[in-house]
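Structure record follows, encoded as structure tokens.
The values are calculated or read from the model by the stated rules, or taken from the named source; none is laboratory data. The model shown is predicted, which means the values in this text are computed figures rather than measured ones. All Cβ positions, glycine included, derive from the backbone under ideal geometry; neighbour counts span all protein chains shown.
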Amino acid sequence: MKTQLRVGGVPEHFNLPWHQAIDAGAFDEKGIDVVFTEFPGGTGAMTAALAADELDAALLLTEGAVADILGGSDNRLVSVYVDSPLIWGIHVAATSDIQDASEIAGRRYAISRHGSGSHLIAIVDAAARGFSTADMAFEIVGSLDGAREALREGTADVFLWEKHMTQPLVDAGEFRRVGERAVPWPAFVVSARRDYLAEHSAALRFVLGVVRSFAKELKIGKDSALLVSRTYDIDLADAESWLEHVQWSGGTECPDDALLTVIDALQAQGVVAEQGPDAITDIWQSLDADE
């Protein structure tokens, strides 16, 4: 009898190794049926799907995954997926009067949903610039396409999203990038439901190992940049730059220092309550526990 693993991820180049592994039938030998569902709504949409038992695991932005668990969810982090940090582009409509990120204080932010990366990093960025975060205004837009409409129609003024995925919109003259925000922690982690881990942690560990091998090949493949460019409609030079800097992980060792940095940032912005000394123990679960 096959073991099913329902995984969610954003429809972005970071998750190409999953699609490659599934297309290659790489999980068949272990009788694991991996069903990958794309979530344009991002981390917030996936944490909701985990809560509704529509997913068993998800590839989440680290800050959103940590906020989800510390907010009371029954999920646990089991692996870093992308170790390199995410660089968020700060975008406005090309016709906007905003010329620099120093001018976005008090403007309306488009976010995919509350608890998403576009929401949390907007707060982190505002605080880092010395802006008040108490009166920030947010417009929920659901996805990148929703943000495009909101900036075009003027229902929102600013939108933060991964800069390589928005580069085509910048190149086309639809968005203007007025700044960037890099965060000092791994971009993506794997979060899984505890009830799934209780039964299938070995299967999840095997799957992550396979995906890691595909990611390694994608990183060094001579045609990889062209594949990324064609699959995600990204300029070839941008795909080459992204591949040069991205670092997939898949390791199951807990990144204590990085998680503490995330927790400190979320606490400082009032996104999560003050945490005790055992916070990391409550966030991370080893996939090796059944060995």
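Restricting to the range 1-32, what's the tally of residues that are of a type in the set (Asp, Glu) and surrounded by 13 or more Cβ atoms within 10 Å (Cβ to Cβ)? Full working, then the answer.
Let us first name the residues in the range 1-32 that are of a type in the set (Asp, Glu), namely 12, 23, 28-29.
Filter again for surrounded by 13 or more Cβ atoms within 10 Å (Cβ to Cβ), leaving 12.
Here the count works out to 1.
Please go through the range 33-69 and pick out each residue that is of a type in the set (D, E, K, R), more than 19 Å from residue 18 (Cα to Cα) and part of a loop (DSSP other than H, G, I, E, B).
Within the range 33-69, the first condition is being of a type in the set (D, E, K, R), and the residues that meet it are 33, 38, 53-54, 56, 63, 68.
Retained after the next criterion (residues that are more than 19 Å from residue 18 (Cα to Cα)): 53, 63, 68.
Within the range 33-69, 53 is the sole residue that qualifies.
Going through the range 4-45 one residue at a time, which ones are at pLDDT 95 or above and of a type in the set (S, T, N, Q)?
4, 15, 20, 37
Just a yes or no: is a residue in the range 58-72 of a type in the set (Asp, Glu), surrounded by 15 or more Cβ atoms within 10 Å (Cβ to Cβ) and either over 22 Å from residue 209 (Cβ atoms) or not assigned by TED's automatic domain parsing to the domain that holds residue 271 (or both)?
yes
Of all residues in the range 187-226, which are farther than 28 Å from residue 55 by Cα and out of contact with any Asp or Glu (no Cβ under 6 Å at 6 or more places or on another chain)?
From the range 187-226, those farther than 28 Å from residue 55 by Cα are 220-226; that's our starting set.
Passing the criteria: 220, 221, 222, 223, 224, 226.
Residue 92 - would you say it is in contact with a strand residue (DSSP E or B) (Cβ under 9 Å, 6 or more places away or on another chain), part of a helix (DSSP H, G or I) and closer than 25 Å to residue 164 by Cβ? Walk me through it before giving the result.
Values: in contact with a strand residue (DSSP E or B) (Cβ under 9 Å, 6 or more places away or on another chain): yes; part of a helix (DSSP H, G or I): no; closer than 25 Å to residue 164 by Cβ: yes.
When the stated conditions are applied, residue 92 does not pass them.
Specify which of the listed residues (151, 144, 120) is touching a residue at least 40 places away in the same chain (Cβ under 8 Å), outside the structural domain of residue 266 (by TED's automatic domain parsing) and farther than 30 Å from residue 244 by Cα.
Details: 144 fails: farther than 30 Å from residue 244 by Cα; 120 fails: farther than 30 Å from residue 244 by Cα.
Matching residue, one of 151, 144, 120: 151.
Mind checking which residues of the range 12-23 are touching a residue at least 40 places away in the same chain (Cβ under 8 Å) and not polar (S, T, N, Q)?
Let us first name the residues in the range 12-23 that are touching a residue at least 40 places away in the same chain (Cβ under 8 Å), namely 12-18, 20-21.
12, 13, 14, 16, 17, 18, 21 - these are the residues of the range 12-23 that are touching a residue at least 40 places away in the same chain (Cβ under 8 Å) and not polar (S, T, N, Q).
Here are some residues: 241, 224. Which one is among the hydroxyl-bearing types (Ser, Thr, Tyr) and more than 20 Å from the chain's Cα centre (by Cα)?
Numbers: 241 fails: more than 20 Å from the chain's Cα centre (by Cα).
224 is the lone residue from the list that is among the hydroxyl-bearing types (Ser, Thr, Tyr) and more than 20 Å from the chain's Cα centre (by Cα).
How many residues, within the range 223-238, are in a loop (DSSP other than H, G, I, E, B) and buried (at least 18 other Cβ atoms within 10 Å of the Cβ)? Reasoning before the result, please.
Just the residues of the range 223-238 that are in a loop (DSSP other than H, G, I, E, B), to begin with: 223, 233-235.
Now restrict to residues that are buried (at least 18 other Cβ atoms within 10 Å of the Cβ): 234.
Matching residues across the range 223-238 total 1.
Out of all the residues in the range 114-126, is one or more in a strand (DSSP E or B) and of a type outside the set (A, V, I, L, M, F, W, C)? Don't jump to the end; show me each part of the working.
Of the range 114-126, the ones in a strand (DSSP E or B) are none.
The answer is no, given that none of the residues of the range 114-126 is in a strand (DSSP E or B) and of a type outside the set (A, V, I, L, M, F, W, C).
Would the range 94-114 turn up any residue that is without any contact (Cβ under 8 Å) to a residue 12 or more places away in the chain and surrounded by fewer than 21 Cβ atoms within 10 Å (Cβ to Cβ)? Before you say what the answer is, go through the steps one by one.
Let us first name the residues in the range 94-114 that are without any contact (Cβ under 8 Å) to a residue 12 or more places away in the chain, namely 95, 97.
Filter once more, so that each one left must be surrounded by fewer than 21 Cβ atoms within 10 Å (Cβ to Cβ): 95, 97.
Yes, because at least one residue in the range 94-114 is without any contact (Cβ under 8 Å) to a residue 12 or more places away in the chain and surrounded by fewer than 21 Cβ atoms within 10 Å (Cβ to Cβ).
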